[in-house]
Amino acid sequence: MKKNKAIVILAVFVMLLAGFGYTAAVGIGAEGSGSAASINLGLDLEGGVSITYQAVGDEAPSDEDMADTIYKLQKRVEGYSTEAVVYKEGTDRINIEIPGVSDANAILEDLGKPGSLYFIAEHDPDGNLNYALMGVDDTGEPVYTLYKSIDELEADGSIVLLGTDVKTAQARTITNQMQNSEEVVDLTMTEEGAAKFAEATTKAFQNGESIAIYYDGAIISAPNVNAAIMDGSAQISGSFTYEEAEQLASTIRIGGLKLELEELHSKIVGAQLGEEAISTSIKAAAVGVAIIVIFMIAVYHLLGLAASLALALYVELIVILLDAFEITLTLPGIAGIILSIGMAVDANVIIFARIREEIAKGKTVKSAIGTGFKKAASAIFDGNITTLIAAFVLGILGSGTIKGFAATLALGIVLSMFTAMVITKLLLKAFYAMGLQNVKWYGSAKEKNAVNFISRKKVFFGISVLAILSGFVFMGINKSQTGAGLNYSLEFVGGTSTNVVFNEDMPLADIDAKIVPMIEKITGDGNVQTQKVEGTNEVIFKTRTLSTEERDTFESVMVDNFAVAADKITTETISSTISDEMKTDAVKAVVIATLCMLVYIWFRFKDIRFGASSVIALIHDVLVVLAFYAIVKVSVGNTFIACMLTIVGYSVNATIVIFDRIRENMHNMGRKDSLDDMVNESITQTLSRSIFTSLTTFVMVAALYVFGVSSVKEFALPLMAGILCGTYSSVCITGALWLVLRKVFPQKKTA
């Protein structure tokens, strides 16, 4: 009966695997194109709509006003995609790029023209009516008309509030006094706006009047004032659908811009990285997974086969769920998936090591499987939860690509725990029930002499200090030579956008193969972004800031090699796509995530020194990889943040596994046993896990480096350095750090 049940379980699993595979390939998506085909891709992988606005006015806008407008627009367009980018072009233009859409007119209509927003009193100071209800439109919405021009309204004091006096506007659902759900718009004023609003609403309430909200040539709402509002917080209610409330809130937000903008042009642009980057990334992922499967089966036999099948299900599930949750996938998002694949393999390796240890103790295979999963659970749970905490904080507080990274990482973590703890266990029980019960199919742990890592802690600490200091030294050298300690790319410091209109419609593959290498030779930088403008022969090349000589060389290369007319080449300076506010958001998110992980580790391990050691190791890994960026002069671009976040997650997860074993061995050690020996034994017991997990994750990233184009290589190279560094710190640094902290900060004995 058990054998028949196991066969049924395996048959069901194979059917699920095949079904999910079919669904991922062809079953979902537009016109049956499959989940993989219908996943939302970011600007770097797919392209989207590019809209250029220009500030209205005779005088050039200030840098402060431009920065404020860009930040507010960034928050606005994140409603379409977390991967949307907003940046300055020239001195008075703002460019918005929104991925995954192909209808510029629809976006423009929905986004609206950023214009002036006014709150207008129903009557002017002399008691004259400023506006009146003219009727309703075809949809039943009220239509109002103004009796005066904006200039006249400003002159007589009828404008009581400006859009810049509104701090935030958010749509939300409330339960009203009748206990029914109602859609409303919450407004919060600035400090100055709150004072103005208090005066206006007091007067309007006393007179039983309303205050109209006038935007870009039309009154968008004329709510009655039901009370004097003194705290700067107001609520607009009415017969809204949620979409209507969100649209009103969005219009108020965008009307709060310091600058009035007009649309210059809009166009559909192609992927920044090109088709080759996408195809090579897919090829690299396939090769990496294949190598991992071969490795797992070769090392862990039947255990490895179960893990490989679970990993196959994991890959198919993540493809389907990326599509189902409409998560926008970018190159940083791929980093999150790579990390979660590494953690999925890691969980299996931890389990298998435990199973083999139990078999070595003389337990039966069946008993060893049950005990192995049970003993591995705490390390897997703690490692994944700490990383999940980081992903959650980054998703809430981060912006732009950080949100995309956090979403893919969180999804991957949940799936990796599910496939490792549920699917792998189910498969192993099925294999056992089918008669595969011989120990040779599972393997047995071999007795290993503990490696004395602790005795070499001074050497390890010295190597780490030297590596970190060398990074600061090279940053100083780089700054003296180039003015910057790191090789910042256009995402951080801006650059040059060059528009070239070719004589023919050049395929992306030809652009990547023939033109981009020439540009890289001119710039000496592999971070070249290429976008085609749909329906034209125009191609946009974004590079680091080019000097006058480099611009001339660029033009000569286009004219001499591709017969492009000189007047068909235009260049413009562009700002960074990562604003100062986004950098601040990123730093704030990482700091809070680190503190949350520290608190969680403290709570789980009942010892703050475990958490402190983890955080120190985490900072160590970040600084060492930063040194790698400085020494090798890898471009610090949009993927830099994702790379650092990946290393943070990887470092904490690897450290938790060792600390979990230390915690377990502490409970079992006698009074005469040495703490140094216990830590050495714990590190040695988890050494195979540290090496194998690092190796499998390294293989995934190395495949990206081998097969990838130059921009992908510059993403993969520091990630490989981070994986090696994370392994080194976990094995050689963290245990010794914990011992040092125990001696410096001994635990107080309770009476």
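The values are calculated or read from the model by the stated rules, or taken from the named source; none is laboratory data. Small disclaimer: the values here were computed from a predicted structure and weren't measured. Ideal geometry is used to build each Cβ from the backbone, glycine not excepted, and the neighbour counts take in all protein chains shown. Keep in mind that these areas ignore ligands, DNA and RNA; they rest on the heavy atoms of the full protein, side chains included. Shrake-Rupley method; radii C 1.70, N 1.55, O 1.52, S 1.80 Å.
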With all protein chains present, calculate the accessible area of I647 using a 1.4 Å probe and round the result to the nearest 10 Å². 10
Using a cut-off of 20 Å between alpha-carbon atoms, which aspartates and glutamates can reach K366, once sequence neighbours fewer than 8 places away in the same chain are excluded? E357, E358
For the stretch 423-532, whose charge dipole is built from +1 on Lys and Arg Cβ atoms and -1 on Asp and Glu Cβ atoms, the candidate among I468, N438, S489 with its Cα farthest towards the positive end is N438
If you count, for each residue, the other Cβ atoms within 10 Å and average over each peptide, how do 221-232, 726-737 line up from highest to lowest? 726-737, 221-232
Any lysines whose Cα falls less than 18 Å from that of K167, other than same-chain ones fewer than 8 residues away, would be K72, K75, K196, K258
If we sort 678-684, 184-190, 585-591, 461-467 on the protection proxy, mean other Cβ atoms within 10 Å, highest first, what's the order? 678-684, 184-190, 585-591, 461-467
Cross-link candidates for K148: which aspartates and glutamates have Cα within less than 20 Å, leaving aside residues fewer than 8 places away along the same chain? E122, D124, D126, D156, E209, D216
Geometric extent, Cα atoms of the stretch 483-526 - Rg, Dmax (angstrom): 13.2, 41
For the stretch 431-513, alpha-carbon Rg and Dmax in angstrom: 28.2, 71
With only alpha-carbon atoms counted, please give the Rg and Dmax of the stretch 503-594, in Å. 16.9, 54
